[in-house]
1. Using the count of nearby Cβ atoms within 10 Å as a rough guide to exposure, how do Y42, Y177, Y21 rank from fewest to most?
2. Name the residue from I125, V175, L27 whose Cα lies farthest towards the positive end of the charge dipole of the chain, charges +1 on Cβ of Lys and Arg and -1 on Cβ of Asp and Glu.
3. Suppose we look only past 19 Å in the calculated P(r) of the chain. What percent of the Cα-Cα pairs does that tail hold?
4. For V119 and E35, calculate 0.36 nm times their separation in residues minus their Cα-Cα distance, and state this gained length in nm to one decimal.
5. With each run of n ≥ 4 DSSP H residues scored as -39500 (n - 2.57), what mean residue ellipticity at 222 nm is computed for the chain after dividing by its residue count and rounding to the nearest 500 deg cm²/dmol?
6. Could you tell me the distance between the Cα centroids of region 111-133 and region 14-42, to the nearest Å?
7. Taking amide H atoms as placed 1.01 Å from N in the peptide plane, list the residues 5 or more away in sequence, or in a different chain, whose amide H sits under 5 Å from that of I3.
8. About its Cα centre, what dipole magnitude does region 5-179 give when the only charges are +1 on Lys and Arg Cβ and -1 on Asp and Glu Cβ, stated in debye to the nearest 20?
Amino acid sequence: MEITQQTRKALLTLAQKKKVYLEGNILKVLKAEAEDQPFKEYLATCKAKDSTARKKRLEVTKKVQSQNKELEEAATKNKELLAKLKEALGEAERLKDEALEDLDTLQKRTQFELIGLIVKVALIIIIGVGVLSTSMYLTALLMNKDTTLLGNAWSNLIGILLTNSFSIIGTIMGVKYATENKD
C-alpha cells in the first residue's frame, strides 16, 4: 500500500519532532517507493521499534502471567492453610469443651463423694448418740431408777440430734444447689 506525499511528510515530521512512529500490522502493508530513501529508513525504524515494543510487551505479559500464576498458587495454599487452621481451631475448641466437661464431672464426683462422706459420718454420730442415750434411758427404766432428769435430758438430746441432722442435710443440699452449673 502506498501513501500520499502529504501523509508521508506528516509521518516523517511527527517522527522527527515528537519521536512518534507507526506500530502494528499497518507496517506490513506500507511500501516505500524505490527512490524514497528517507521513508524507507522511517519504515525500517518503525519496524525495529515495533519489534522491540512487541518483545517488551510480550515479556511484560509473560511476567504478569507468571506472577498471576504464583498469586493463584499462593491463594490456593492460603485457602488450604485457612481450612486447616479452622479445622484445628474447631478441634481445639472441641477438646477444650471435653476437658471442661471432664473437669466439671470430676468436681461434681468429688463433691458428691465428700457430701456422701459427711452425711455418713454425721448419721453415724447422730445414730450412735441416739442409740447410746436411748439405751441408757431404757437401762434406767428397767432398773426402776428415777428417770425424771434422764428423761428430760434424753428428750432434749433427741430433739437436738434431729435438729442437727436436718441442719446438716439442709446445708449439704444448699451447697449442692449453689454449686450447680446453671447455663
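1. Details: Y42 21, Y177 9, Y21 18.
Sorted ascending by nearby Cβ count, the order is Y177, Y21, Y42.
2. L27
3. Values: 13222 of 16653 pairs.
Across the chain, Cα pairs with separations above 19 Å total 79 percent.
4. Values: separation 84, 0.36 × 84 = 30.24 nm, distance 12.44 nm.
Residue separation times 0.36 nm, minus the Cα-Cα distance, leaves 17.8 nm.
5. Value at 222 nm, helices only: -31500 deg cm²/dmol.
6. Value for the Cα centre distance between the two parts: 115 Å.
7. K31
8. Numbers: 28 positive and 21 negative charges, 425 e Å.
Computed about the Cα centre, the dipole is about 2040 debye.
A short reminder: the numbers here are calculations on the coordinates, not readings from a lab. Keep in mind that this is a model prediction, so the values were computed, not measured. Glycine gets a Cβ as well: all are built from the backbone with ideal geometry, and neighbour counts include every protein chain shown.
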